[in-house]
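Working notes, beginning with the structure itself.
The values are calculated or read from the model by the stated rules, or taken from the named source; none is laboratory data. The shown structure was predicted, so the numbers you read here are calculated from the model rather than taken from an experiment. Because the Cβ atoms are built from the backbone with ideal geometry, glycine has one as well, and the counts that use them run over all protein chains shown. Protein only, heavy atoms only, side chains kept; ligands, DNA and RNA dropped before computing areas. Shrake-Rupley method; radii C 1.70, N 1.55, O 1.52, S 1.80 Å.
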Amino acid sequence: VQLQASGGGLVHSGGSLRLSCAASGISFSINTMGWYRQAPGNERELVATITSGGSTNYADSVKGRFTISRDNAKNTVYLQMNSLKPEDTAIYYCYRFNTVIHLEGWGQGTLVTVSS
């Protein structure tokens, strides 16, 4: 099982980034996919999730700015991040939850840095 995240980087406040997570070794279509993030000194927190049916859930802090989507044909989940703020600076982790056997997993993180 591999969750390969990419797309992080350095951006100015107000800018945009698009994260991607390519999954392999899993039945992608039966997994809820998502993104968590962890800033230095903070606990890991939910950013957004998307079910196999396309239902989405967002942290209040990113609602209206971030959009999660998935392409089941490509086994990939995306996070479009707009109007970025310095407080969005964190390592972003791809997440998956197998809804049949209730098994979760994490990918390696990708660093997002937003300068003021």
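Consider the stretch 21-43 and keep the residues that are aliphatic (A, V, I, L, M) and assigned to a loop (DSSP other than H, G, I, E, B). The one that is modelled with the highest pLDDT is 39. Can we say residue 111 is assigned to a strand (DSSP E or B), touching a Cys at 6+ places or on another chain (Cβ under 9 Å) and of a type outside the set (Val, Ile, Thr)? Considered against the rule, which asks whether it is assigned to a strand (DSSP E or B), touching a Cys at 6+ places or on another chain (Cβ under 9 Å) and of a type outside the set (Val, Ile, Thr), residue 111 comes out as no. In the stretch 58-80, the residue that is farthest from residue 15 (Cα to Cα) out of those that are of a type in the set (Val, Ile, Thr) and open to solvent by less than 20 Å² (accessible area, probe 1.4 Å) is 76.
Sub-6 Å Cβ pairs linking a first residue in the stretch 55-67 that is polar (S, T, N, Q) to a second residue that is surrounded by 14 or more Cβ atoms within 10 Å (Cβ to Cβ), at least 6 apart or interchain, are 56/50; 56/68; 57/49; 67/80, ordered by first then second residue.
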